[in-house]
Structures are given as structure tokens and as C-alpha cells.
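Visitor: Below is a structure I'd like to ask you about.
Derivation of every value follows stated rules applied to the coordinates shown; laboratory data play no part. Because the structure is a prediction, the values reported are computed rather than measured. As a convention, Cβ positions derive from the backbone with ideal geometry for all residues, glycine included, and neighbour counts pool all protein chains shown.
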Amino acid sequence: MSARRPPPIEPHPGEAEEWGETSPGFAEFSPGSGIRDALGWIAAVLLMLTLAGWLAAYSAAQATSEDAALPALERAVVVLTELDGLLDVHNADIAAQVAAGEQVEVPGYPLDVRVAPSQAQTPSALRASVLAESALLLRTQGSGAFADPSGDPPAVSRFSSAGLMQAVIDGLSAARHDRWAGYVFPLGTASAILAAVSLLFAVGLGRFVRLGAVAFAAAALVIVPTVALRVSVGFVGADDLIGNEAREIAQSLLGGGVRNAFWLAVAGLAILVPAAVLDRVFLDSERPRLLTRRPRASEATRE
């Protein structure tokens, strides 16, 4: 009784053979899937744009929120009004107003701000109260709060120190914050829908590769112009007290957008890299099993 021989090992296809049809597992790549792939890429591009818009709007709304804006406006008030000097010069007049139980008004102060006598018992308490009320006034009226009694706004050059500070104050107004905040929900909703559509039209792990790449690209669309704007602000205005403070405030607020974009880029890479590696490993391991061979059509005809 002869020993049982193992089946012969099929050689790789030579010149007389060709690779056969792919396995049905690759049916998604058939000619009829072109529309599906095109729709997937269109959804991905739209997702990139809406996600970048959402990130920009969210960062701007965050930078102009009350928690961020009021401290920044107080810093602006200090350098624009010279409040500390006014408090020192008019200390006796202020003390007389407090003793009389009147609403306390700092003489020579350019903003229409008055505080209750109970908030002016000490110089530090008066200073804090005046700054808080001034910041709220600028938050509501913007740089128009500095207008003279005739109502004419102060005329300044856009590229001067005062012009930069004016842009900062107007940018931190409540109206500007509400405008940015109004974009956050619609753009976020659109991004979520487009992300679902993009995942639906993609195939296998490739859908996560595409999603991660889109998130990274959206972050780049925000971080590049934000960094450029942050750098360019450093060249606006003169090297004086107002200019230095305005540049520091603006660059500090823009830093939040850079941080948000950085974390979105990190999240995109965290999705992209593992998905790309696993997708490559899967393809390399499955290719020998999914591909078959068949004789060339010319030889099959001769037989």
C-alpha cells in the first residue's frame, strides 16, 4: 500500500496564465460603484469645509465668551483710561462722594460709569468695581462707549496701536459673540450628517482612513490662517503701552483657536494612522486567498 501523497502546490501564474477575477468580496469596486465613490468623496470634501467652519466658529465664540472677554476688556480699560492715575489724583474728591452717600464717579474718566458707595469703601474695591462696570459697558456698546457727547466715534488708523485696540474691543462685544455662537450648532449638525454620509459611502477600514484625513485637513484649514494672523498682529501698532497690551490680548485670544485646531488634528491622526495600518495588514493577508487563477483565453480556445 503506497503512502498517500500530498496535493501538488500550485505554482504562481506564469506567462501562459493570468490572474482571474477578484473575489465577490471586492464587489464594491465594480464599475457600478463609481457613483457611490464619487458621492463619498463629495461628502468628504463638504465635511472638511463644514468641520473647518465649525471649528473656526467654535473657537471664535469661545474667545469672545463672557469668561474670556471681560478680563481682556478690563486690561484694555486700564491702559486706555489711565484709571490708576485718576484714582490717585482724585482720591479726596472720591472720598467726599463716598461720605455724602452719592453714586461715585471718577473725575476725568472717559466712560460713563458710576458705582455705589458700598462698592467704593476702599481704593482697591473702587478700582475693581469701576473696571467691572467698564468692561460690561464695552461688552455691550463696543468701542462706541468712548464716543464724545456728540456721538462721534474716535477716529483712529486701523494699523495704529489705538486702531488695533479698537478692533480688539469691538471683536469682544456681545453682538460679535452672538454672531459666532449662532454658527456653531448649524455647522456642527451639518458636520455630523456629512460624517455619517461619508462613512456610509466608504468601504471597510477605508472609511476611517478618510474620516481621519478629513479631520486633519479641517484642522489645517484653521490652524494655518490663525497662526498667520497671530504672527501678523505682532507687526501692527507702535511699541507703546496701548500697542503692547492690544497685541498681547489679541494673540492670547487667538491662541485658543490654535489649541483647538491642534487637538482636532491629533484626533484626526489618532483615527487615520491605526485605520491605515490595519487596512494595509488586512489587504496583505487577504490578497492570496481572494485572488484566483484561470488559463488565458487563447489556450482555452485551442483546447
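Visitor: What FRET efficiency do you get for residue 91 and residue 136 if R0 is 30 Å and r is their Cβ-Cβ distance, rounded to the nearest 0.05? It would help to have the intermediate numbers written out before the result.
Guide: Values: r = 24 Å, r/R0 = 0.82.
Working from the Cβ atoms, E equals 0.75.
Visitor: Can you compute the modelled spin-label distance between residue 232 and residue 248, with each label point 7 Å from Cα toward Cβ, in nm?
Guide: Label-label distance for residue 232 and residue 248, simple model: 2.5 nm.
Visitor: For the stretch 165-171, in order, what is each residue's ³J(HN,Hα) by Karplus, 6.51 cos²θ - 1.76 cosθ + 1.60 with θ = phi - 60°, in whole Hz (x at glycine and Pro)?
Guide: Going residue by residue, I get 5, 4, 5, 5, 4, 5, x Hz, with x marking Gly and Pro.
Visitor: Give a quick list of chymotrypsin sites (Phe, Trp or Tyr not before Pro) in the stretch 139-203 that DSSP marks as loop, anything other than H, G, I, E or B, with at most 16 other Cβ atoms within 10 Å.
Guide: Counting only loop positions with at most 16 other Cβ atoms within 10 Å, the chymotrypsin sites (Phe, Trp or Tyr not before Pro) in the stretch 139-203 are 159.
Visitor: Counting Lys +1, Arg +1, Asp -1, Glu -1, what net charge surrounds residue 94 among other residues with beta carbon under 12 Å of its beta carbon? Walk me through the numbers on the way to the answer.
Guide: Values: positive: 114, 127; negative: 88, 93, 102, 105.
So the environment of residue 94 carries a net charge of -2.
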